[in-house]
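Trainee: Sharing a structure below in structure tokens format, with a few things to ask.
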Amino acid sequence: MANEQKNKSIGEVKIAADVVAAIAGLAATEVDGVYAMAGTLTNELAGMLGKKKLTKGVKVQMELGVVHVDMMISVRYGYSIPKVTEQVQERVSQQIETMTGLTVSEVNVRVSGVNLGNE
């Protein structure tokens, strides 16, 4: 699904949901305390088959220039989960809005694991 932004003088720009999901995934992994993006079994199998992991654990819905993001992350042991998830929400929202010009309505973060450092 692609979202359109119109520029009447030149034409239109369409941004694919996968692009927004990749931005969200990269932005989340830049936050200190995030170990990795977490995914479903389907995403894990796709990763083993060589498909890109940029959108692993990220689901994006776009409608009329508004983006809704659901994502799953794994947090490093010893970090405050509420602080890390709040920073992820802020960073993801900021990066999507800055890079695409789209409005982010919400970023829902689900913590699916904690990395104990011995993996």
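Trainee: What's the extension gain from Leu64 to Lys14 if we count 0.36 nm per residue and subtract their Cα-Cα distance?
Mentor: Stretched fully, the Leu64-Lys14 segment lengthens by 16.8 nm.
Trainee: Bin all alpha-carbon pair distances of the stretch 79-119 at 5 Å intervals from 0 and give each bin's fraction as a whole percent.
Mentor: 5, 20, 24, 19, 14, 11, 5, 2, 0
Coordinate-derived values only; no laboratory data. Being a predicted model, the structure only gives us computed values, none of them experimental.
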